[in-house]
Amino acid sequence: MPQATGRADATRAVVFSPLDGAGRAELVAQRLTDAIVAGVLRDGERLPSESELARSLGVAVVTAREALVALRDKGLVHTKRGRDGGSFVTHDRDATTRMVDERVRSLSRIELRDLSLHYAAIAGMAAEIAADRASEDDLASLIEVDARADLATPGGARRAVSRFQLEIAAVSQSPRLVHEELRLQAEAGPLLWLCLREQDSRDRSRTARLEVIQAIRDVQPERARRATTDHIASAVEWLIDEKVRLEQAAAEQAAVAPAAAGQPEGARP
């Protein structure tokens, strides 16, 4: 079985795979934004040229150009001219945190739950099938992915979840499940695993992995599926609570601003 790094490379490949439906600059920009926020595209990394990006995503060159302009406006990439020029990822942690928070606020609770239900259906089915089909080598590979997980940082914990879920999909021996897992990681992962900002959530993510590994070792498909879907359900409940906190903070800030604007200059703190 390919190593976990191969799965990570496959995740990167999905970032530059053709878009579903009409290719709009907003969709291109959102996909690249999600990949940068999730850490799939790293700080300082050189992006494909406009023509290469357009060809891989199946969009017009002008669409790719507009998307890169939008990313530059957000401060997520910068462009250099000359022989060694191009567009390079600029990962400003504070800026990306603000953008993710804004996206969480923009989505309704129904949309967040629907996204998680779709992801849980795919990941849960993959875990169920994997528990029925896994070989000893497959089990050893899953154990290695868990052992190499870095839970000290949110980025390390997100990569661990991503690699483990992708490995599970590969063990299921279903190319369609692997492809859908990759697609959903690109679409849902940056939001769904925001809970990994907190150490308690990172610890729970490892507990969930160990539960899935044990279920696969014991050939208990239903247990593997339930451990996977429970993990995702916990993550989306945290996300919805975070949305409430963000909305409350925004409302409080909006209420304070007019009052501060109405104070005499000398009376302001």
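Residue pairs whose Cβ atoms lie under 7 Å apart, separated by 6 or more positions or on different chains, with the first residue in the range 128-156 and within 19 Å of Thr228 (Cβ to Cβ) and the second among the polar types (S, T, N, Q), are Ile129/Ser172; Ile129/Ser174; Ala130/Ser172; Ala131/Gln220; Arg133/Ser172; Arg133/Gln173. Scanning the range 154-209 for residues that are among the hydroxyl-bearing types (Ser, Thr, Tyr) and touching a Cys at 6+ places or on another chain (Cβ under 9 Å), we see that the one that is nearest to Trp238 (Cα to Cα) is Ser201. Condition check for Leu151 on (1) surrounded by fewer than 18 Cβ atoms within 10 Å (Cβ to Cβ); (2) of a type outside the set (Lys, Arg); (3) out of contact with any Asp or Glu (no Cβ under 9 Å at 6 or more places or on another chain): one failure, at (3). Against the numbered list (1) free of Cβ contacts under 8 Å to residues at least 60 places away in the same chain; (2) over 30 Å from Glu50 (Cα atoms), Thr97 comes up short only at (2). Residues in the range 239-269 that are modelled with pLDDT under 65 and in a helix (DSSP H, G or I): Ala259, Ala260, Ala261, Glu265, Gly266, Ala267. Number of residues in the range 25-61 that are under 15 Å from the mean Cα position of the chain (by Cα) and either free of Cβ contacts under 8 Å to residues at least 24 places away in the same chain or outside any loop (DSSP other than H, G, I, E, B) (or both) equals 9. Filtered by the rule that a residue be surrounded by fewer than 16 Cβ atoms within 10 Å (Cβ to Cβ) and within 14 Å of Thr33 (Cα to Cα), the range 64-87 gives Val69, Arg72, Asp73, Gly75, His78. Counting only helices (runs of 4 or more DSSP H) that fall entirely inside the range 62-154 and contain at least 2 residues that are under 17 Å from the mean Cα position of the chain (by Cα), the qualifying elements are 93-106, 109-133. Of the set (1) surrounded by fewer than 23 Cβ atoms within 10 Å (Cβ to Cβ); (2) among the β-branched types (Val, Ile, Thr); (3) in contact (Cβ under 8 Å) with a residue 12 or more places away in the chain; (4) part of a helix (DSSP H, G or I), all apply to Thr207 but (3). Answer yes or no as to whether Arg109 is at pLDDT 80 or above, closer than 20 Å to Glu187 by Cα, surrounded by 12 or more Cβ atoms within 10 Å (Cβ to Cβ) and in the same structural domain as Phe164 (by TED's automatic domain parsing). Yes.
The values are calculated or read from the model by the stated rules, or taken from the named source; none is laboratory data. Just so it is clear, the structure is predicted and the values come from calculations on it, not from any experiment. Note that each Cβ is placed from the backbone with ideal geometry, even for glycine, and that neighbours are counted across all protein chains shown.
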